[in-house]
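Report on the structure given below.
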Amino acid sequence: MISFELSEQQQQIREMTHWFAENEIRPIALEADRLGKVPDEWLENVNRMGIQLNTSSFGGGGNGSSKGKREREGNRMGVLATEEMAWGDPAITLSLPGAGLGGPPIESSGTKEQKERFLTIFTNDKPRWGAYALTEPEAGSDASGVQTTARKIDGGYILNGQKIFITNGGRASWVVVFATVDPKLGRAGQRAFVVEKGTPGFHCTKVVKKMGLRANETAELVLEDCFVPTENLLGGEELYEVSGAKPSGFQVAMKTFDSTRPIVAAMAIGIARAAYEYTLDIVRKEYPKQGRYFEVATTILAEAEQDIQAARLLTWEAAWLADLGKENAKEAAMCKAYAGQMALQVCSKSIELLGPTGLDGHLVEKLYRDVKVFDIFEGTNEIQHLVIARRQYAPYAIRV
């Protein structure tokens with residue numbers, strides 16, 4: 001049975017990350033949003049402190065470990081820490097050095113040599129980033145529609161294609177890129193490659209200007225006759241030659257989502273909580289003398305608190321299942337779908353209640369812009385509901 005009581009270690013992680021979010025992240029959030037970047041000096045300082053965004057350390061859906069208590073708590077500690085960091089600021093959280101979303105596929109599917117090469121570069125000497133490149137102009141929510149090609153030649157593969165909306169893609173030391181060896185094979189033809197920065201034919205063509213998360217780099221990447229050696233094929237060619245097995249890059253992508261969707265949900269919860277607490281503080285100080293309006297405002301905020309707590313418990317369950325090594329695809333989709341919609345509604349209600357206080361240049365206005373993408377990336381709400389439905393009615397539907 002899942003326990004809602006945090007362990008001593010989990011509580012310490014929660015308190016430490018909240019302190020960091022309150023004292024180091026929140027004070028620079030609005031200025032970073034205005035400038036459209038996180039100051040380099042700040043990133044260097046936090047990197048020296050050993051604070052990084054390494055989601056692979058949080059584990060993954062169906063990949064829990066039984067080696068020790070600390071490892072079994074990894075996913076739960078991950079969502080606890082991420083909620084607090086996003087409470088400070090989601091764009092800065094996503095900008096922290098580390099493997100980021102590129103970590104889980106290497107952790108779950110990489111060879112021992114690949115894990116050693118790509119996951120040990122994130123030392124404290126200077127900030128480094130990893131990235132995850134799945135989305136394309138014609139393949140967003142439908143990850144099975146990847147058009148980037150991988151043509152096999154002696155010693156490796158030639159990759160051609162375009163990737164869009166890649167978090168930290170321009171500055172990443174390496175990017176996990178999904179491509180197909182044969183579009184006719186559908187999902188079975190997909191492969192995942194680790195493409196290193198500076199590889200000929202691999203370019204960042206654009207850093208996207210966005211409505212929200214302005215301080216975080218979102219890039220467009222192009223691969224033009226880009227040669228990637230065989231040793232950078234995630235899992236190695238042996239993985240695809242096992243008799244009777246049908247592994248694919250698509251499966252790697254889906255396994256990654258089972259790990260990262262609870263993290264995204266936790267970020268949405270952190271945003272919602274920041275908007276709720278900011279608004280509640282103002283309502284308590286300024287509205288008591290306004291009679292009926294105060295009553296309506298506090299009722300709306302009570303509903304917001306209820307929804308935040310519901311989203312948090314869904315997220316904790318998904319992380320708990322992952323820590324147990326159990327299938328959590330449905331629960332990961334549920335928490336991500338619910339938290340994204342919930343956070344959008346909470347921020348919207350906060351804007352309405354605050355009036356002029358919630359306009360441009362204020363925290364809640366920024367959170368309202370930031371939160372929208374949490375209802376989109378890692379799969380839209382419609383995709384999450386499709387995942388849930390196909391697992392809920394597994395005997396009658398094709399699994400994705």
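No lab work stands behind these numbers, since they all come straight from the coordinates. Predicted, not measured: the structure shown is a model, and the values here were computed from it. Note that we place each Cβ from the backbone using ideal geometry, even for glycine, and neighbour counts take in every protein chain shown.
Quick notes on this structure:
- Cα long-axis angle, helix 74-88 against the chain (0 to 90 degrees, to the nearest 10): 50
- Dimensionless Rg/Rh of region 250-395 - Kirkwood Rh, Rg from C-alpha atoms: 1.07
- Counting only Cβ charges, +1 for Lys and Arg and -1 for Asp and Glu, the dipole size of region 256-400 around its Cα centre is about 180 debye.
- Charges were assigned to the Cβ only: +1 to each Lys and Arg, -1 to each Asp and Glu. The resulting dipole of region 123-263 about its Cα centre is roughly 560 debye.
- Cα long-axis angle, helix 8-20 against the chain (0 to 90 degrees, to the nearest 10): 80
- Helix-derived mean residue ellipticity, 222 nm - over the chain, DSSP H n ≥ 4, -39500 (n - 2.57), to 500: -15500 deg cm²/dmol
- On the beta carbon distance between Y293 and E138, with R0 = 51 Å, the FRET formula returns roughly 0.55.
- Cα-centre dipole for the chain with unit charges at Cβ (Lys and Arg positive, Asp and Glu negative), debye to 20: 460
- Dimensionless Rg over Rh [region 178-276; C-alpha; Kirkwood]: 1.07
- Dipole axis of the chain (+1 Lys, Arg; -1 Asp, Glu on Cβ), positive-most option in M334, V38, V176: M334
- Comparing Q306, I383, S350 along the charge dipole axis of region 250-395, the residue lying farthest to the positive side is I383, per the Cβ-charge model.
- Mean projected area in nm² (Cα convex hull; one quarter of hull surface) for the chain: 20.7
- K37 paired with L185, simple spin-label distance in nm, labels 7 Å along Cα-to-beta-carbon: 4.1
- Of K206/K336; K37/K126; K210/K366; K255/K372, those spanning more than 20 Å from alpha-carbon to alpha-carbon: K206/K336; K255/K372
- Lys/Arg +1, Asp/Glu -1 at C-beta; region 173-263 dipole; positive extreme among L213, T230, T260: L213
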